[in-house]
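The values are calculated or read from the model by the stated rules, or taken from the named source; none is laboratory data. None of these values were measured; they are calculated from a predicted model. Cβ placement follows ideal geometry from the backbone for every residue including glycine, while neighbour counts extend to all protein chains displayed.
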């Protein structure tokens, strides 16, 4: 039986290929399947799953619904994914840090944030909530995905 550590240190190409296959499959797993990894995924693995799912938020919105309803749904989906991703993380220090620095906001808190930070009002606020709900934070991506080789 070949151990993963042996692959990682002695057969790097084979290990890299296996790891990439795992990440490709992990990204696409629904919560029901990925939840078995609660508290066991690396930063990179967690971020890969989160990014893939956040990018699909717009596709899940009911385009027949009002703009406000779409914005509320988008924010709720994003908050749910954020919570679940943090549940997957094995690094409790990072999980706590993210919970403190980037907490989930209610719809009302997000509207106020968009108004204060960007001066947006009305439908512009709603459109920006939908846009930002389906994109991930670049700063967090850089921090967690730059160490991809070390995870």
- Using beta carbons and a limit of 8 Å, which pairs, at least six apart or on different chains, have the first residue in segment 126-151 and at positive phi and surrounded by fewer than 18 Cβ atoms within 10 Å (Cβ to Cβ) and the second one modelled with pLDDT under 85 and in a loop (DSSP other than H, G, I, E, B)? none
- From the list 140, 125, 111, pick out the single residue that is assigned to a helix (DSSP H, G or I) and under 11 Å from the mean Cα position of the chain (by Cα). 140
- Query: Among 82, 131, 127, 116, which is under 20 Å from residue 27 (Cβ atoms) and either touching a helix residue (DSSP H, G or I) at 6+ places or on another chain (Cβ under 6 Å) or at pLDDT 95 or above (or both)?
  - Reply: 82
- Message: Restricting to segment 29-85, name every residue that is part of a loop (DSSP other than H, G, I, E, B), in contact with a strand residue (DSSP E or B) (Cβ under 9 Å, 6 or more places away or on another chain) and surrounded by 17 or more Cβ atoms within 10 Å (Cβ to Cβ).
- Response: 42
- When only residues in segment 86-97 that are within 16 Å of residue 145 (Cα to Cα) and at pLDDT below 95 count, which is surrounded by the most Cβ atoms within 10 Å (Cβ to Cβ)? 95
